[in-house]
Each structure stands twice: as structure tokens, then as C-alpha cells.
1. Every residue in the range 1-45 that is open to solvent by 80 Å² or more (accessible area, probe 1.4 Å), among the hydroxyl-bearing types (S, T, Y) and touching a residue at least 12 places away in the same chain (Cβ under 8 Å), please.
2. Kindly provide the set of residues from the range 114-123 that are open to solvent by 20 Å² or more (accessible area, probe 1.4 Å) and not charged (D, E, K, R), ordered by number.
3. Would you please list the contacts, defined by Cβ atoms under 9 Å and residues six or more apart or on different chains, that run from a residue in the range 51-64 that is open to solvent by less than 60 Å² (accessible area, probe 1.4 Å) to a residue that is among the β-branched types (V, I, T) and part of a loop (DSSP other than H, G, I, E, B)?
Amino acid sequence: MKKEQLGQLIIASQDTLYHVAKTLLVSDADCADAIQETIVKAFTKLHTLRQDSHAKTWLVRILINECYTFMRKAKRVVSLEEWQCEEIVGEEADYSDLYEAVRRLPPETRICITLYYLEGYSVKETARMLEITESAVKNRLARARKQMRCELEQ
């Protein structure tokens, strides 16, 4: 794959990249940073892509790894100002019950839900992106549906 083709793929995948990043990260600024780091890494590591047909999966996998890196860094330090701002934003936000139920899922389950239902990837593609087995994806989806059903019924 050439750099021009990668650039076109990135432009075509903007929504997918945002949805995946937003699934794992809360802040839009963090999402933008993770996507930006993903793009930089994709261009620098383009030679590691084995098949052009798996380019989008490869790109999403880089993004997931970047999001996990941001999550690890975020656990270390949270300033008082950021904490207060997040509280204010959280109070003003009006999200649907379904969105809130998805947000309460553990990150590994939430990413499966996003890739499968929101982005339309198959179980096989989701398993490949997350580097887990297909049965693990199916179990996580079933667990998520059950947990969300219980929360939404209350």
C-alpha cells in the first residue's frame, strides 16, 4: 500500500476511528490525540502492513493500542481542574439511557459492542482486531447484552 492510499483510507475511516476512540476514551481531546498518534504511527509503520485488504483492521488495531496507552497515562495523574471540569460537563450532558448503559460496560466489552453493532464488523473481524478468539467476542457480546438488558429494565 502506498502513502496516498493510506491517506485515502484514513479519510474514509474518520467516523470509525472516532467511534472506536470514543468507546475507550471519555474526552474528545483525548480521542483526537489518540487518532492523531494512530495516523502518525500508521504512516511510519506502513511497511509492516502485510496485506492491503487488512489495512482498515490494521489501522483500528493501532488506534485501540493508542487508546489503551492514553488510558494507562490517564490513571497516573488527574489534576483538580480537570476533575472539576469533568464533573460540570457530566452534569450538563444529557445522554440516552442506552448510551449510559454502554458507557458503564467494562472497556473490553464496550469495544466489542462498538465494533460489532456500531461499526458493523463481523465477529471474525472483531476477533482479529482485538486479537482474541471468536468465541471470546461472542461471549463478551452476550454478557454485554445481558448486563445492558438488566440495567435498562430497571
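1. Of everything in the range 1-45, just one residue is open to solvent by 80 Å² or more (accessible area, probe 1.4 Å), among the hydroxyl-bearing types (S, T, Y) and touching a residue at least 12 places away in the same chain (Cβ under 8 Å), namely Y18.
2. Y116, Y117, L118, G120, Y121, S122, V123
3. Pairs that qualify, where the first residue is open to solvent by less than 60 Å² (accessible area, probe 1.4 Å) and the partner is among the β-branched types (V, I, T) and part of a loop (DSSP other than H, G, I, E, B): there are none.
One line per residue, one yes/no per condition, for (1) more than 19 Å from A32 (Cβ to Cβ); (2) modelled with pLDDT under 85; (3) surrounded by 14 or more Cβ atoms within 10 Å (Cβ to Cβ):
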residue: R76; (1), (2), (3): yes, yes, no
residue: V89; (1), (2), (3): no, yes, no
residue: E125; (1), (2), (3): yes, no, yes
residue: C150; (1), (2), (3): yes, no, no
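The values are calculated or read from the model by the stated rules, or taken from the named source; none is laboratory data. This is a predicted model, so every value here is computed, not measured. Methodologically, a virtual Cβ is constructed for each residue, glycine included, from the backbone with ideal geometry; neighbour enumeration extends over all protein chains shown. Areas reflect the complete protein model, heavy atoms only, side chains present, ligands, DNA and RNA absent. Shrake-Rupley method; radii C 1.70, N 1.55, O 1.52, S 1.80 Å.
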